[in-house]
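Working notes, structure below.
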Amino acid sequence: MRSDVVVIGAGQAGLSAAYGLRRAGLEPGAGFVVLDGEDGPGGAWRHRWSTLRIDKVHGIKDLPGLPFAPADPSRPAAEVVPEYFAAYEREFDLQVRRPVHVAAVRDRAPELLVETDAGTWTTRALINATGTWTRPFRPRYPGQDAFRGRQLHTADYRGPEEFAGLRVVVVGGGTSAVQLLMEIATVAAATTWVTRRPPEFRDAPFDEDAGRTAVARVEERVRAGLPPQSVVGVTGLMLTPQVRAAQESGVLHRLPMFERITPDGVSWADGTTVAADVILWATGWRAALGHLAPLGLRGPGGGIAVDGTRVRSDPRIHLVGYGPSASTIGANRAGRAAAHEVVSLLREPLSA
C-alpha cells in the first residue's frame, strides 16, 4: 500500500495533523492515511477512570474547525471526549483505520516503510502522534518484588471503590496523583502521599501566558535532544478549593520518597515505616516511540532532537504529541505545523 503521508495515532495531535493535511488538499488514501491502535475514537481518553469528569479536567482544547461544547460537564471524560473525537472524524471525513498496530518504521530511502499488522505502507513522510499512554512508567525500588499487596499504575486505575478499607500509598507529585489521592482517601482506611520532590502548588490562574511558558521549558529540552519533561509536570499543581480542603484535612500531607519496599509496606532510611495494602504508582509516562527504533533517531542525550515538530536528523519525520506538544496545550499547534511542513516536503522531487 502507498500513501504520501502516514499519520500514526488518532488522539488530539494526530487528528489536528490529519485536519491540516485535509485542508491542504490531500485526500484520505493516496494522499494520507491515519493509523490508530485503539478500537474506537478517543485516544488515551478512552481509558480514563470513570470518576474523571469533564469539569475536573485541566482543560480540553477545541480541535481545529469544530468547537468542543459538551452539554453536560458532569459526565465522564472517558465518554464525552471519545464522542467528540468520533464526531470530528466524521465531520472532516478523516477515515481513520483501526485497530492497526504499527510494529516498525524502516528507512527505504527516499521513502519510509511502515510495517503494521494490517500490512505495510510505503510513504514519503511520517507524522508520529502515538503519545505516551501505552508506556506507563513504573520505577523500581529495593524489595518491590517481595511486596505482598497490590501494585498498580495510574493507567490501571478504574475508580476509588476497589480501595475501600485498604491502606494505600500513592507515589507521584503530579495532577493525577493528587486527583486520585483525594478520591481514594474518601473510602480507604488510610492514605500516604510520597513524592521525590516537594510538590509545587500554583495559586495563580493557568492562562495562555502560563501555558506558553510551560511549553517553552519543555521545548528547550527536546531541541537539545534530551528526553522531554511533561508539560503538565512543569506547570505545577492547581490550588483549587478541593485541593485546599484536602490540604487542611491532612490528605495532602506529603512525605519524601521511601528508601525501600517491604513485604507489608514501605520504609525510610531513618527506620520509619508505613504499612500498606496497595502501592499506586502515579509516576507518569514515557513517549511511545519503540516502533521508530529501526531509524536510529535517538541521540547521545537519550532523546530525539526536534526543531518544532521535525526530527532534526530526518526531515521526513515529524513528532507531534511529543515533548512540548504532549498535552492539549500544544497538540493542535503542533499538528497544524507538522501538516504544513509535510505538504511543503511533498512538493520537492524525490531523491535517493
Inset, instruction - Identify, from the list Val178, Val187, the residue that is of a type outside the set (D, E, K, R), over 30 Å from Asp307 (Cβ atoms) and in contact with a strand residue (DSSP E or B) (Cβ under 7 Å, 6 or more places away or on another chain). - result: Val178
Inset, instruction - Test Glu348 against the stated conditions and say whether it is farther than 30 Å from Thr186 by Cβ and not in a loop (DSSP other than H, G, I, E, B). - result: no
Inset, instruction - Consider Ala337 carefully, then state whether it is in the same structural domain as Asn128 (by TED's automatic domain parsing), under 18 Å from Gln12 (Cα atoms) and either of a type outside the set (S, T, N, Q) or part of a loop (DSSP other than H, G, I, E, B) (or both). - result: yes
Legend entry - Residue under evaluation Leu152, criteria (1) in a helix (DSSP H, G or I); (2) at pLDDT 95 or above; (3) among the aliphatic types (A, V, I, L, M), criterion not met: (1)
Inset, instruction - Could you tell me whether any residue of the range 189-207 is polar (S, T, N, Q), surrounded by 14 or more Cβ atoms within 10 Å (Cβ to Cβ) and in contact with a Phe, Trp or Tyr (Cβ under 7 Å, 6 or more places away or on another chain)? - result: no
Inset, instruction - Report, ordered by the first and then the second residue, all pairs with beta carbons closer than 7 Å, sequence separation of six or more or different chains, a first member in the range 130-157 that is of a type in the set (Phe, Trp, Tyr), and a second member that is assigned to a loop (DSSP other than H, G, I, E, B) and surrounded by fewer than 17 Cβ atoms within 10 Å (Cβ to Cβ). - result: Phe137/Arg286; Phe147/Pro263
Inset, instruction - Output the number of the condition that Gly265 fails; it satisfies all remaining conditions of (1) at pLDDT 95 or above; (2) surrounded by fewer than 18 Cβ atoms within 10 Å (Cβ to Cβ); (3) at positive phi; (4) among the small types (Gly, Ala, Ser). - result: (2)
Inset, instruction - Kindly check whether there is at least one residue in the range 12-22 that is under 30 Å from Arg158 (Cβ atoms), buried (at least 17 other Cβ atoms within 10 Å of the Cβ) and basic (Lys, Arg). - result: no
Inset, instruction - Please specify each residue of the range 74-114 satisfying the condition of being of a type in the set (A, V, I, L, M) and surrounded by 16 or more Cβ atoms within 10 Å (Cβ to Cβ). - result: Ala77, Ala78, Val80, Val81, Leu94, Val96, Val100, Val102, Val105, Leu112, Val114
Inset, instruction - Under 6 Å between Cβ atoms, at least 6 apart or on separate chains: pull out the pairs that start in the range 330-342 with a residue that is polar (S, T, N, Q) and end on any residue that is assigned to a helix (DSSP H, G or I). - result: Asn332/Ser16
Inset, instruction - Pull up the range 44-73, narrow it to residues that are touching a helix residue (DSSP H, G or I) at 6+ places or on another chain (Cβ under 8 Å) and aliphatic (A, V, I, L, M), then point me to the one that is surrounded by the most Cβ atoms within 10 Å (Cβ to Cβ). - result: Leu63
Legend entry - Any chance Ala177 is among the small types (Gly, Ala, Ser), part of a loop (DSSP other than H, G, I, E, B) and either touching a helix residue (DSSP H, G or I) at 6+ places or on another chain (Cβ under 8 Å) or outside the structural domain of Gly20 (by TED's automatic domain parsing) (or both): no
Inset, instruction - Could you tell me which numbered condition Pro160 fails, if it satisfies all but one of (1) surrounded by 14 or more Cβ atoms within 10 Å (Cβ to Cβ); (2) under 23 Å from Gly29 (Cβ atoms); (3) in contact with a helix residue (DSSP H, G or I) (Cβ under 7 Å, 6 or more places away or on another chain)? - result: (2)
Inset, instruction - For Gly299, work out the one condition from (1) touching a residue at least 60 places away in the same chain (Cβ under 8 Å); (2) closer than 27 Å to Gly43 by Cβ; (3) small (Gly, Ala, Ser) it doesn't fulfil. - result: (2)
Legend entry - Unique match (being farther than 24 Å from Leu181 by Cα, over 18 Å from the mean Cα position of the chain (by Cα) and either buried (at least 20 other Cβ atoms within 10 Å of the Cβ) or not β-branched (Val, Ile, Thr) (or both)) among Arg336, Arg244: Arg336
Legend entry - Residues of the range 298-316 that turn out to be under 20 Å from the mean Cα position of the chain (by Cα) and outside any strand (DSSP E or B), as a count: 7
Inset, instruction - Give the number of residues within the range 35-83 that are touching a residue at least 24 places away in the same chain (Cβ under 8 Å) and among the hydroxyl-bearing types (Ser, Thr, Tyr). - result: 2
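The values are calculated or read from the model by the stated rules, or taken from the named source; none is laboratory data. The model shown is predicted, which means the values in this text are computed figures rather than measured ones. Positions of Cβ are generated from backbone atoms using ideal geometry, with glycine treated the same way; all protein chains shown enter the neighbour counts.
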